[in-house]
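Asker: Before I ask anything, let me first share the structure, which is written out below as structure tokens.
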Amino acid sequence: MIDSNDIGVEINTKDPFEINLLEPNAVSFSRSQGGVFQGVVEGKAYEEITLFRIFPFQYTTQYISVRDAKGEEIGVIQDIEQLDKESRTEMVKELKLRYFLPLVTHIDSIKQKADMWIWELQTNLGPTRIVMRNLHEHMQYPSDNRIILTDINGKRCEVRDWKMLDGHSRGQLKDVL
């Protein structure tokens with residue numbers, strides 16, 4: 001039998017499906033002078049880090065995947081509220097950038113033309129238009145009353161609670177829900 005150590009082969013025994021929960025006191029995050037999100041995780045410095053929310057999305061500060069510049073997962077932050085103030089502030093800022101999502105305040109109209117659905121919307125950032133081919137593929141329901149709309153080009157908007165919209169907006173939605 002050949003010993004892998006004898007021929008200089010390193011065997012990776014890490015389970016790719018194992019989740020590495022990061023201890024709050026073993027991580028710190030900041031911004032470089034150029035504004036790049038970076039950090040130190042378990043004693044190792046990373047010049048660029050990306051963050052992803054792990055399902056379910058309604059937990060906006062919990063279960064955050066921390067990944068290196070290659071997209072490989074370093075570990076998971078169970079709750080960013082447990083981190084130091086600077087790390088928490090920078091993580092919230094980074095997540096807001098990644099998950100930029102204007103809030104729909106009013107639905108002017110939802111019309112079907114040929115094979116496209118055209119939504120004319122008012123958002124907290126001004127008017128916008130969402131165009132969809134298929135309602136079922138472009139509407140997500142992360143919770144009971146919340147709807148995420150995604151158009152054919154990837155632009156997204158959020159209806160935080162469709163039951164709280166004005167009567168006209170709810171009437172427009174009833175036809176497509």
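Asker: When residues of region 90-134 are filtered for being assigned to a loop (DSSP other than H, G, I, E, B) and closer than 22 Å to LYS163 by Cα, how many remain?
Answerer: 4
Asker: From the residues in region 51-71 that are polar (S, T, N, Q) and closer than 17 Å to LEU83 by Cβ, which one is least open to solvent (accessible area, probe 1.4 Å)? Reasoning before the result, please.
Answerer: As a first pass, look at region 51-71 and keep what is polar (S, T, N, Q): 58, 60-62, 65.
Now narrow it down to the ones that are closer than 17 Å to LEU83 by Cβ: 60-62, 65.
Working: THR60: 69, THR61: 39, GLN62: 58, SER65: 0 Å².
Filtering region 51-71 for residues that are polar (S, T, N, Q) and closer than 17 Å to LEU83 by Cβ, the one least open to solvent (accessible area, probe 1.4 Å) comes out as SER65.
Asker: Taking region 147-177, which residues are assigned to a loop (DSSP other than H, G, I, E, B), closer than 27 Å to LEU97 by Cβ and open to solvent by less than 40 Å² (accessible area, probe 1.4 Å)?
Answerer: Within region 147-177, the subset assigned to a loop (DSSP other than H, G, I, E, B) is 151-155, 160-161, 165-166, 175-177.
With the extra rule that they be closer than 27 Å to LEU97 by Cβ, the set shrinks to 151-155, 160-161, 165.
Scanning region 147-177 gives ASP151, LEU165.
Asker: What tally of residues in region 76-90 results from selecting those that are farther than 27 Å from ILE148 by Cα and surrounded by 12 or more Cβ atoms within 10 Å (Cβ to Cβ)? Give the steps one after another, and end with the answer.
Answerer: Keep residues of region 76-90 that are farther than 27 Å from ILE148 by Cα, which gives 82-87.
Filter once more, so that each one left must be surrounded by 12 or more Cβ atoms within 10 Å (Cβ to Cβ): 82-84, 86-87.
Looking only at that region, the number is 5.
Asker: Would you tally the residues in region 44-80 being touching a helix residue (DSSP H, G or I) at 6+ places or on another chain (Cβ under 7 Å) and within 16 Å of ASN25 (Cα to Cα)?
Answerer: 2
Asker: Could you list all residues from region 49-89 that are part of a helix (DSSP H, G or I) and either touching a Lys or Arg at 6+ places or on another chain (Cβ under 6 Å) or on the phi > 0 side of the Ramachandran plot (or both)?
Answerer: Hit for region 49-89 is ILE80, nothing else.
Asker: Now for a different question. Only one of these is in contact with a strand residue (DSSP E or B) (Cβ under 7 Å, 6 or more places away or on another chain) and over 28 Å from PHE55 (Cα atoms): MET116, MET139. Name it.
Answerer: On the way: MET139 fails: over 28 Å from PHE55 (Cα atoms).
Going through MET116, MET139 in turn, the sole match is MET116.
Asker: Only one of these is surrounded by 12 or more Cβ atoms within 10 Å (Cβ to Cβ), within 25 Å of LYS155 (Cβ to Cβ) and basic (Lys, Arg): LYS93, LYS113. Name it.
Answerer: Answer to the selection: LYS93.
The values are calculated or read from the model by the stated rules, or taken from the named source; none is laboratory data. What you are looking at is a predicted structure, and each value in this text was computed from that prediction instead of being measured. Heads up, the Cβs are rebuilt from the backbone with ideal geometry, glycines too, and the neighbour counts pull from every protein chain shown. Just the protein is used for accessible areas: all its heavy atoms, side chains included, with ligands, DNA and RNA removed. Shrake-Rupley method; radii C 1.70, N 1.55, O 1.52, S 1.80 Å.
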